[in-house]
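Colleague: Sharing a structure with you now.
The values are calculated or read from the model by the stated rules, or taken from the named source; none is laboratory data. Remember, predicted model here, so these are calculated numbers, not experimental data. Please note: Cβ atoms are built from the backbone with ideal geometry, for glycine as well, and neighbour counts cover all protein chains shown. Heads up: the accessible areas ignore ligands, DNA and RNA and are worked out on the full protein's heavy atoms, side chains in. Shrake-Rupley method; radii C 1.70, N 1.55, O 1.52, S 1.80 Å.
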Amino acid sequence: MKFIDEIKLQLQSGKGGPGCVSFRKEAHIPRGGPDGGDGGRGGHIIFKASDRLNSLVHFQGRRKFSAPNGLPGMGSKMTGKDGEDVVLEVPVGTVIKSDQGEILLDLSAPDSEVTFLKGGIGGKGNCFYKTSVNQAPGVAQKGMPGELKNVTVELKSIADVGIIGFPSVGKSTIISVISAARPKVAEYHFTTLSPNLGVVKVSDEQSFVVADIPGLIKGAHQGTGLGIQFLRHIERTKMFLHVLDVSGMSGREPLEDFADINEELRAYDQLDHSDGRIGSPLTERKQLVALNKVDAAPLEVLNGVKHQLQQKNIEFIEISAATGQNIDQLKFKLNEVLKDLSSEDSE
Ligand SMILES: Nc1nc2c(ncn2[C@@H]2O[C@H](COP(=O)(O)OP(=O)(O)O)[C@@H](O)[C@H]2O)c(=O)[nH]1
Ligand SMILES: [Mg+2]
């Protein structure tokens, strides 16, 4: 599983409140029985997976979260108030990792809430220590400490490669021919519209995940259809395979399509993203263009498109998902681009 956005946080749950030493005040008796109550529990640190959130930007500027301590116990056997829990909302599909990189928590189910750091238990009041031999214990227990943890909060990507393009250009066919297996569903459970996913195996050690992201149509950024949600899926991929149909069989104009889809990406970038943007703007992400259906493409059309793309210095690969032409090359090319991207990242 790869990650595209991360922040580091220091988290601390509350300490338990101390127990209380107290004795009943009764007429004629100098010291009544013990009545010191227990301390309250310290506040928990809780993570909640929320559908409403799309990024981690709401943590900006805040790096430390601590839950308040429990309050001390009181006389008359009154328990101290518990410290209030701190609930940290994160987008569905967030992972919490330790400093050592170990996954401590995977928040992939919408609305799931997990107590991550428990608040310390409150100390027992002296009331608790009363026995037949000790009727007036003068001791109470301290509260238990809270927990302190440094963590990395990371947003899972849906896939390494998002396959984009208008309907019928061949996206589903491409994913079916380049991918060997379906990724483990549980890992990707967090997507609302479950895009069609596939694992592309390049070698025994190397594979990557592609997502066929349908529904990108003109006006998607304005919310046409489920446009915005599709765009949000696209946002959680690292690069795009932009598929154009050069056969003319579905009446598509490849270069117009190319411009229209890029226009949707640009328009989405310009929407208000103050609630969160994942990764870089869509228009700045790497795209590889696949000219699909070359088996059925009229030569003049194909050459025209190639010429135009070359003039604009746009990288492309000619393929046929139907005949398998250049499909291996496509896999290798995508893998290469992803490797370049991840080495750029680590620089
Ligand atoms: N001739 C030809 N047809 C293709 C090729 N790839 C896809 N198709 C056909 O194009 C149609 C649309 O493909 P599909 O994968 O469903 O497109 P999507 O809407 O982008 O997912 C289907 O009838 C496919 O069989 C190709 O390389 N050559
Ligand atoms: Mg499809």
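Colleague: Are any residues in the stretch 27-53 out of contact with any Asp or Glu (no Cβ under 6 Å at 6 or more places or on another chain), farther than 30 Å from residue 78 by Cβ and open to solvent by less than 10 Å² (accessible area, probe 1.4 Å), and if so, which ones?
Modeller: Within the stretch 27-53, 47, 49 qualify.
Colleague: I would also like to ask the following. Kindly evaluate residue 328 against the criterion of being under 19 Å from residue 234 (Cβ atoms) and open to solvent by 80 Å² or more (accessible area, probe 1.4 Å).
Modeller: Working: under 19 Å from residue 234 (Cβ atoms): no; open to solvent by 80 Å² or more (accessible area, probe 1.4 Å): yes.
So residue 328 fails the test.
A quick yes/no check of all residues on (1) polar (S, T, N, Q); (2) not assigned by TED's automatic domain parsing to the domain that holds residue 178:
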position	(1), (2)
135	yes, yes
138	no, yes
142	no, yes
149	no, yes
162	no, no
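Colleague: Which count do you get for residues in the stretch 76-120 that are under 14 Å from the mean Cα position of the chain (by Cα), β-branched (Val, Ile, Thr) and more than 17 Å from residue 148 (Cα to Cα)?
Modeller: 4
Colleague: A follow-up question, please. Restricting to the stretch 161-175, what's the tally of residues that are open to solvent by 10 Å² or more (accessible area, probe 1.4 Å) and more than 6 Å from ligand 1 (Cβ to nearest atom)?
Modeller: 1
Colleague: Test residue 130 against the stated conditions and say whether it is open to solvent by less than 20 Å² (accessible area, probe 1.4 Å) and of a type in the set (Lys, Arg). It would help to see each step written out before you state the result.
Modeller: Details: open to solvent by less than 20 Å² (accessible area, probe 1.4 Å): no; of a type in the set (Lys, Arg): yes.
Considered against the rule, which asks whether it is open to solvent by less than 20 Å² (accessible area, probe 1.4 Å) and of a type in the set (Lys, Arg), residue 130 comes out as no.
Colleague: May I ask you to list the residues in the stretch 54-73 that are open to solvent by less than 70 Å² (accessible area, probe 1.4 Å) and in contact with a Gly (Cβ under 8 Å, 6 or more places away or on another chain)?
Modeller: Within the stretch 54-73, the subset open to solvent by less than 70 Å² (accessible area, probe 1.4 Å) is 54-57, 59, 65, 67-68, 70, 72-73.
Scanning the stretch 54-73 gives 54, 55, 56, 57, 67, 68, 70, 72, 73.
Colleague: Please go through the stretch 322-347 and pick out each residue that is touching a helix residue (DSSP H, G or I) at 6+ places or on another chain (Cβ under 7 Å) and either assigned to a helix (DSSP H, G or I) or farther than 21 Å from residue 199 by Cα (or both). Even if it seems obvious, please write down each step before you answer.
Modeller: Taking the stretch 322-347 first, the residues touching a helix residue (DSSP H, G or I) at 6+ places or on another chain (Cβ under 7 Å) are 322-325, 327, 330-331.
Once the filter is applied, which keeps residues that are touching a helix residue (DSSP H, G or I) at 6+ places or on another chain (Cβ under 7 Å) and either assigned to a helix (DSSP H, G or I) or farther than 21 Å from residue 199 by Cα (or both), the stretch 322-347 yields 327, 330, 331.
Colleague: Search the stretch 198-229 for residues being surrounded by 22 or more Cβ atoms within 10 Å (Cβ to Cβ) and within 13 Å of ligand 1 (Cβ to nearest atom), and hand back the single one that is modelled with the lowest pLDDT.
Modeller: Among those that are surrounded by 22 or more Cβ atoms within 10 Å (Cβ to Cβ) and within 13 Å of ligand 1 (Cβ to nearest atom), it is 216.
Colleague: Against the condition loosely packed, with under 13 Cβ neighbours inside 10 Å, touching a residue at least 40 places away in the same chain (Cβ under 8 Å) and either more than 20 Å from residue 161 (Cβ to Cβ) or away from ligand 2 (no atom under 16 Å from the Cβ) (or both), how does residue 254 come out, does it pass? Quick ask: steps written out before the conclusion?
Modeller: Working: loosely packed, with under 13 Cβ neighbours inside 10 Å: no; touching a residue at least 40 places away in the same chain (Cβ under 8 Å): yes; either more than 20 Å from residue 161 (Cβ to Cβ) or away from ligand 2 (no atom under 16 Å from the Cβ) (or both): yes.
So residue 254 does not fit the description; no.
Colleague: Let me ask another. Are any of the residues in the stretch 285-298 away from ligand 2 (no atom under 16 Å from the Cβ) and free of Cβ contacts under 8 Å to residues at least 24 places away in the same chain?
Modeller: Taking the stretch 285-298 first, the residues away from ligand 2 (no atom under 16 Å from the Cβ) are 285-289, 291, 294-298.
Checking which are free of Cβ contacts under 8 Å to residues at least 24 places away in the same chain leaves us with none.
The answer is no; no qualifying residue exists.
Table: residues versus (1) open to solvent by 60 Å² or more (accessible area, probe 1.4 Å); (2) within 17 Å of residue 242 (Cα to Cα).
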| position | (1), (2) |
| --- | --- |
| 281 | no, yes |
| 285 | no, yes |
| 288 | no, yes |
| 295 | yes, no |
| 310 | yes, yes |
| 313 | yes, yes |
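Colleague: Now for a different question. Being open to solvent by 70 Å² or more (accessible area, probe 1.4 Å) and more than 15 Å from residue 65 (Cβ to Cβ) is the filter here, so list the residues in the stretch 84-105 that pass it.
Modeller: 99, 100, 102, 103
Colleague: Still on this structure: Name, by its number, the condition in (1) touching a Ser or Thr at 6+ places or on another chain (Cβ under 8 Å); (2) open to solvent by less than 40 Å² (accessible area, probe 1.4 Å) that does not hold for residue 302.
Modeller: So the condition that residue 302 fails would be (1).
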